[in-house]
C-alpha cells in the first residue's frame, strides 16, 4: 500500500479527548506528524468529518487541535489531517516531534496521563 503522507510520522503515546457528532470520546494518539495524527478510539466518526480534540502534553498543558477525518475503522480509530493550525499549535507539534525523535528508536513512546476537567 502506498503511503500518501507528505510528512514523516513518529510513534507517540499521548492521551486525548475528541469531540465529534456523537459526543465526547477518550482516545490515544499513537502516531504524529506535522500534518496529522492517528487517534486510537472506539468513538464513531466518518471520513470528511471535522473533529475537535485536545491532547495532554508531557508538560501537563493541553493542545487544542482540529482535523479532518481522512480514514476511519469502526472500533479501532481514525486518522486526521490537521486543519487551520495557528503558529502556537505548529510550534507545540514541532516540540512533540522533537521529543519523539530524541526518545530513541521510532517505536519508543512519549507519554502523558489524561486529566479530566
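Only the coordinates and a few stated rules stand behind these numbers; no lab work does. Not measured: the values here are computed from a predicted model. Here Cβ is always computed from backbone atoms with ideal geometry, including for glycine, and neighbour counts include all displayed protein chains.
Below is a table of values for the structure above.
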| quantity | calculated |
| --- | --- |
| Ranked list, fewest to most other Cβ atoms within 10 Å of each Cβ, for 10, 56 | 56, 10 |
| Proxy reagent accessibility, fewest Cβ within 10 Å first, across 95, 18 | 95, 18 |
| Under 20 Å from the residue 42 label point (7 Å along Cα→beta-carbon), backbone N, segment 17-35 | 17-30 |
| Distance between modelled label sites at residue 54 and residue 98, nm, 7 Å Cα→Cβ extension | 2.5 nm |
